[in-house]
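Data block below; observations after.
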């Protein structure tokens, strides 16, 4: 082969490469948009056999429930019932959960908070507030069951909670609506005198899985919107936003937006803890009540741009950032400066016994990205950035905490309330993902009529520029969520077989029925694929009672296999509950209708699930 | 350039292409597994700005609700409440839906059926059965609201419904559990005599959105498991599977699995319609009851392998296919052969007045793929294939209807009940997707404790070989689903402004309160961002009543903008409902607790949503 031929061949190879580049590159790339989508598609696709890296634990708003998502796939894994009965899991039907819910049929769950140790999510419990009916609940993350619930006296919608202190010493729940104490009747003409804003400080005993109301703080009848707990240097403090410092009693849209400044209230819970321990409180409607007028050195306030929404403490605990809502800016406050002002008694005013710190002395920076409207909440990454949701301009703004410099802005679809970043409320955020929890979906998804889903945006924040990955619909209404690494949550798969458990029966032959007057106690078992209520009876899966009897079905699921849950429904009696592997649950009801009622397993359990049935026979009086 | 150079150049181009092939192909492919995932990821990723191609309308099982998914993204779009109250949408709280639900708090929704015209989904309504409390419900797909509900007398769990005839003339609901008529008490010793299986034949008036119970059929106390309506040549017929032809009254797991053959019952609804029109029925507990012993020529049965589960009519209407459940085979029956046997009165037996057709005369083929265990249900594509779920061997088997030849098998994760194919129940399936609705998830997803989610597999059936695309968790428990093309569903976005609507108020200044004895009627409006209850009052957003008053809040949402839904919660009163854009809803309750109760918008609606509040003041008696 001579040089010319070699050159020709080399030239040909180069030409071939060029041809091939055009050819293959086109084949594999389609166009820019498709290529971009492809890479986004890969980012969220979790193949069969792999797991999502994070749990997202989202409030279900006025559904009253907890929504569990996997991140990055954004697949919804589970609805965990908290404040609302849920026949799908028997919650609110079995005796224990029915008693826990009382007569309540729903709640308005706003802000989940995972228990913390040293300012980091420890993955043991999740706390939930009920704005609708003034309660706080705890979900045990080893079972994902709601294990305790406490009603909060003196309050009107604990919207501004729940936020936990650094080691879950306290769960703070400031009220949203001012009410007279104990919710008593008082004319709105007496608003300033008779109505109060109250903060509940709850504790949670992890061993006994029980709440206690440690104390309450009686504040002026401002509205409290959101709060956060301090971290590290500020760990003894909680901060909360206020609005309606105008004391408006009607048309708040206009009348509660008059003042140029409302307040952030700062509370030192350690000081108050000591006061309470020393008996320095008043008993009000069963609660130990702190009045700021009687307790100096624990409660302060600092002015902030009008009607702020969220307030969030930075991961290092040095600052708290308020989002303006009606003022298009974020205000960075310094805890160090606040402490100095308190130390020096540098107060500009006093309201209801609360010393007011001078704004200019505590404020470190106002961050006002041009055209960014309606800032609501702040989240954080691991590189010193803050991420703010903008409700009105529908975007997330990324900015440097230290300088206020805006780094990037990205649209959301549409009108985000909160956003949740991976490990975003901890001392050590992961900086990988942020999820915008939007209030409006418009036509993002297939239409389901006039009532649209809400929507969520998954945004990759691992790079300098944010990248919008996917929009996902969601049932109403996740107000807030926390995103926690999967390694921190370790659920049990089966309930332990406890031979001494009350009402439990572990062997088929021990199933029996006891009658005590007009009470009928069935000690039964559920197993693939039968119920045994009375081992010695001709029909072990039939129960005959008399009209008017109070019936107790104590059922133990003796299938100690993962994912073998049995349901227990009584046809025509509006009753259903479930027993999970190794669980004992009780259904209590009065058999007030005579007749013949099939009993059946409602949770598909085996190839003979359809045959897993029996009868409740109610003899007429 | 001479020939050799040209040849060299050509050779070089080819060599270059080869180099490039190796080079680019490797770059773009990574490895086989990643490439496979990538392509699956792309198949399910629906970028922002695009919509899913199909709706999947899935039953929510013992949650009582309807789950709406988008296909192929498998994103859950909406929970539509049907049988269970849902505070998130106010369902079961506003007067109309509360009255529709009555005292029931849940249902067990098994099989959705979209209304059909000429055997094709027409996308107007969806019907739902309640196995728990014996009801049938209709969801209007123009609003995705449940618009009617009917209780079915004489039945015990209409599990084997709902299936609609070719033009939605009837909605068939065969019972699962035999009960004495009217559910009355009767000893199980009298099972064969006193207990009955009953089929309800309901009609639905699309204009008035109302059910009617056309007639019922009294059958022997077998259990009826599933049914299907005929198509085209078989459109006058419904078919249904039976089990427990043994009349077992206990331990059905064993006792209802004794007979080698149970039956498929065939009913000619046209003939019975005529009989009913002519008055040939008995009135039983308010229902027009057909007794097979009195009506020849309409009800037949054919033996089938023991304890069949599903029965499905092929898209062309020529055959019905029974799935064996306890017999590892699918049985293909010919309608033509069945009609011939009926025509010739070729009966092998009679049971309860029901002529039994000879199995060998009606059966066309038994399909028994080796090792395929627990066949439950059959779906169809556009190329003459059937797809069967196998509960025990956890797979879907694709086979040719005409020959029984097995074409492909694919694993599911795990234990599929039903599967739903795109347009799979129609005369014209699309052959694009099938979704396996699995009963067991095991460790497919992040663990949420002992109660696992169910799971669904999205499978691409557009090629000769099926391809598993994605596994998705789902709340309990979608038994069945229908997948309908998005072009067939056309929801409204806003309720029409109807000036004459009862209780509606369209202008702020018309909001007012009327008192009639101890009834207080509030004719109010909700708008961004206020409530107006009484335009002339000093505080238009406060309502004062007396303890014991019956209060009616008639609220109209005058924001005629897409996706602007307002909520209406009363703090501490366990009440919440919503008004969608242009909707008027009424909340009725007795103000039985004196005190001060904040009212607030529970559905985030605007930047001033937090200010959208008022007070209910209940003066003590």
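Residue-wise test of (1) over 25 Å from residue B:347 (Cα atoms); (2) touching a strand residue (DSSP E or B) at 6+ places or on another chain (Cβ under 6 Å); (3) modelled with pLDDT under 95.
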| position | (1), (2), (3) |
| --- | --- |
| B:241 | no, yes, no |
| B:248 | yes, no, no |
| B:257 | no, no, yes |
| B:264 | no, yes, no |
| B:270 | no, no, no |
| B:275 | no, no, no |
| B:278 | yes, no, no |
Handout entry: Test: residue in the range A:136-151 that is at pLDDT 95 or above, part of a loop (DSSP other than H, G, I, E, B), touching a strand residue (DSSP E or B) at 6+ places or on another chain (Cβ under 7 Å) and within 30 Å of residue B:67 (Cα to Cα)
Key = yes
Handout entry: Subset of the range B:585-605 (residues that are in a loop (DSSP other than H, G, I, E, B) and either closer than 16 Å to residue B:94 by Cβ or not assigned by TED's automatic domain parsing to the domain that holds residue B:526 (or both))
Key = B:601, B:602, B:603
Exercise for the section: Test residue B:51 against the criterion of being more than 19 Å from residue B:436 (Cα to Cα), touching a residue at least 40 places away in the same chain (Cβ under 8 Å) and within 10 Å of chain A (Cβ to nearest Cβ), and give yes or no. Expected result: yes
Fill in the blank from the handout: Scanning the range B:101-110 residue by residue, those surrounded by 23 or more Cβ atoms within 10 Å (Cβ to Cβ) and within 11 Å of residue B:64 (Cα to Cα) turn out to be B:106, B:107, B:108, B:109, B:110
Fill in the blank from the handout: Wholly inside the range B:214-271, strands (runs of 3 or more DSSP E) that include 3 or more residues that are under 18 Å from residue B:157 (Cα atoms) and within 13 Å of chain A (Cβ to nearest Cβ) are B:223-229, B:237-243
Handout entry: Filter pass, residue B:471 being modelled with pLDDT of 95 or more, facing another protein chain (nearest Cβ under 7 Å) and buried (at least 23 other Cβ atoms within 10 Å of the Cβ)
Key = yes
Fill in the blank from the handout: All-but-one check, residue B:311 against (1) surrounded by fewer than 24 Cβ atoms within 10 Å (Cβ to Cβ); (2) modelled with pLDDT of 95 or more; (3) out of contact with any helix residue (DSSP H, G or I) (no Cβ under 6 Å at 6 or more places or on another chain), failing number (1)
Handout entry: Qualifying residue in the range A:485-493 (condition: under 30 Å from residue A:405 (Cα atoms) and at pLDDT 95 or above)
Key = yes
Problem - Candidate set from the range A:491-511 (those that are surrounded by fewer than 19 Cβ atoms within 10 Å (Cβ to Cβ) and within 8 Å of another protein chain (Cβ to nearest Cβ)); member that is nearest to residue A:412 (Cα to Cα) - result: A:491
Practice task
Determine whether the range A:84-95 contains at least one residue that is touching a residue at least 12 places away in the same chain (Cβ under 8 Å) and either part of a helix (DSSP H, G or I) or under 26 Å from residue A:423 (Cβ atoms) (or both).
Solution key: yes
Exercise for the section: Check whether at least one residue in the range A:580-593 is within 11 Å of chain B (Cβ to nearest Cβ), buried (at least 18 other Cβ atoms within 10 Å of the Cβ) and free of Cβ contacts under 8 Å to residues at least 40 places away in the same chain, and report yes or no. Expected result: no
Exercise for the section: Go through the residues of the range B:324-340 one by one and say whether even a single one is within 27 Å of residue B:155 (Cβ to Cβ), touching a residue at least 60 places away in the same chain (Cβ under 8 Å) and more than 29 Å from the chain's Cα centre (by Cα). Expected result: yes
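Just to be sure, is residue B:484 assigned to a strand (DSSP E or B), within 18 Å of residue B:315 (Cα to Cα), out of contact with any helix residue (DSSP H, G or I) (no Cβ under 7 Å at 6 or more places or on another chain) and within 14 Å of another protein chain (Cβ to nearest Cβ)? Full working, then the answer.
Details: assigned to a strand (DSSP E or B): yes; within 18 Å of residue B:315 (Cα to Cα): yes; out of contact with any helix residue (DSSP H, G or I) (no Cβ under 7 Å at 6 or more places or on another chain): yes; within 14 Å of another protein chain (Cβ to nearest Cβ): yes.
Taking the combined requirement at face value, the residue satisfies it.
Each row is one residue, and each column tells you yes or no for (1) outside any loop (DSSP other than H, G, I, E, B); (2) more than 8 Å from chain B (Cβ to nearest Cβ); (3) farther than 24 Å from residue A:66 by Cα.
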position: A:157; (1), (2), (3): no, no, no
position: A:160; (1), (2), (3): no, yes, no
position: A:185; (1), (2), (3): no, no, yes
position: A:192; (1), (2), (3): yes, yes, yes
Problem - Residue check, residue B:168 within 8 Å of chain A (Cβ to nearest Cβ) and in contact (Cβ under 8 Å) with a residue 24 or more places away in the chain - result: no
Problem - Answer from B:301, B:305 - the residue that is buried (at least 23 other Cβ atoms within 10 Å of the Cβ), touching a residue at least 24 places away in the same chain (Cβ under 8 Å) and over 25 Å from residue B:113 (Cα atoms) - result: B:305
Handout entry: Residue match in the range A:426-438 (condition: buried (at least 24 other Cβ atoms within 10 Å of the Cβ), under 20 Å from the mean Cα position of the chain (by Cα) and in a loop (DSSP other than H, G, I, E, B))
Key = no
Problem - Of the criteria (1) crowded, with 19+ Cβ neighbours inside 10 Å; (2) more than 15 Å from the chain's Cα centre (by Cα); (3) in a strand (DSSP E or B), which one residue B:203 fails - result: (1)
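Filter the range A:568-584 for residues that are under 24 Å from residue A:497 (Cβ atoms) and in a loop (DSSP other than H, G, I, E, B); which is nearest to the chain's Cα centre (by Cα)?
If we take residues in the range A:568-584 being under 24 Å from residue A:497 (Cβ atoms) and in a loop (DSSP other than H, G, I, E, B), then A:580 is nearest to the chain's Cα centre (by Cα).
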Completion exercise
Of (1) surrounded by 22 or more Cβ atoms within 10 Å (Cβ to Cβ); (2) in contact with a helix residue (DSSP H, G or I) (Cβ under 8 Å, 6 or more places away or on another chain); (3) free of Cβ contacts under 8 Å to residues at least 60 places away in the same chain, residue B:222 satisfies every one except (2)
Practice task
For residues that are more than 7 Å from every other protein chain (Cβ to nearest Cβ), over 13 Å from residue B:44 (Cα atoms) and touching a residue at least 12 places away in the same chain (Cβ under 8 Å), tally how many sit in the range B:445-468.
Solution key: 8
Handout entry: Subset of the range A:514-543 (residues that are away from every other protein chain (no Cβ under 14 Å) and either crowded, with 19+ Cβ neighbours inside 10 Å or in contact with a helix residue (DSSP H, G or I) (Cβ under 6 Å, 6 or more places away or on another chain) (or both))
Key = A:520, A:522, A:523
Practice task
Determine, yes or no, whether residue A:410 is under 27 Å from the mean Cα position of the chain (by Cα) and either crowded, with 16+ Cβ neighbours inside 10 Å or within 30 Å of residue A:452 (Cα to Cα) (or both).
Solution key: yes
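The values are calculated or read from the model by the stated rules, or taken from the named source; none is laboratory data. Small disclaimer: the values here were computed from a predicted structure and weren't measured. Note that we place each Cβ from the backbone using ideal geometry, even for glycine, and neighbour counts take in every protein chain shown.
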